[in-house]
């Protein structure tokens with residue numbers, strides 16, 4: 001933070017980074033700034049690693065998807081590859097199938113909620129009740145996703161708005177949105193840096209990935 005505050009420091013960047021946004025926030029104390037930076041750093045590191053590993057795992061087990069993605073990337077100019085629509089579909093689909101924080105989000109109801117289930121029965125969630133949103137179960141709901149247990153990145157090509165709108169893991173709150181934005185963007189960078197021209201295969205008997 002001191003680097004950003006010292007305008008004469010040659011290491012200071014003028015880019016709008018998370019550290020810069022936090023250090024420029026006048027509503028936060030010094031301790032709160034440190035806590036926020038540690039939260040983003042730790043959460044981003046773990047979620048990025050997990051998201052990248054699961055995406056590579058699913059690509060290794062689905063060679064036809066791997067080949068389609070590589071063909072698209074190879075057909076693009078290097079500086080255009082981060083805009084690859086199919087790459088984003090692959091990452092979104094891997095995060096749907098094997099999500100970070102699969103247990104889900106936890107919220108406390110701020111008021112009474114009344115709604116009907118599929119049979120028409122009345123359900124009431126009382127104020128102050130703790131509500132859990134299990135991402136793993138929601139992401140494999142057959143009423144939302146056709147063939148939910150299969151790795152089908154194309155579902156994001158043809159029906160992105162519906163998938164994204166019904167997929168609470170991608171839209172629940174500001175913190176969760178950032179939690180997914182960070183690993184998504186990092187995965188795109190890492191994919192293009194280390195993997196895009198490699199070939200992955202899956203060894204079933206020993207459960208490892210071969211590059």
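Things worth noting here:
- Taken over the range 109-120, the criterion of being at pLDDT 90 or above and part of a loop (DSSP other than H, G, I, E, B) is satisfied by 109, 110, 111, 112.
- Top-ranked residue in the range 66-86 [being free of Cβ contacts under 8 Å to residues at least 12 places away in the same chain and not in a helix (DSSP H, G or I); ranked as surrounded by the most Cβ atoms within 10 Å (Cβ to Cβ)]: 76
- Here residue 57 does not qualify as outside any loop (DSSP other than H, G, I, E, B) and exposed (fewer than 10 other Cβ atoms within 10 Å of the Cβ).
- Scanning the range 128-160 for residues that are in contact with a strand residue (DSSP E or B) (Cβ under 7 Å, 6 or more places away or on another chain) and not in a loop (DSSP other than H, G, I, E, B) yields 130, 131, 132, 133.
- Number of residues in the range 117-136 that are without any contact (Cβ under 8 Å) to a residue 24 or more places away in the chain and either within 22 Å of the chain's Cα centre (by Cα) or at positive phi (or both): the value is 2.
- Note on the range 1-53: residues that are modelled with pLDDT under 70, assigned to a loop (DSSP other than H, G, I, E, B) and over 30 Å from residue 92 (Cα atoms) amount to 10.
- Where residue 101 falls short, out of the listed (1) modelled with pLDDT under 85; (2) touching a helix residue (DSSP H, G or I) at 6+ places or on another chain (Cβ under 6 Å); (3) within 20 Å of residue 151 (Cα to Cα): (2)
The values are calculated or read from the model by the stated rules, or taken from the named source; none is laboratory data. All values reported here derive from a predicted model rather than from experimental measurement. For neighbour counting, all protein chains shown are included, and Cβ atoms are generated from backbone atoms with ideal geometry for every residue, glycine included.
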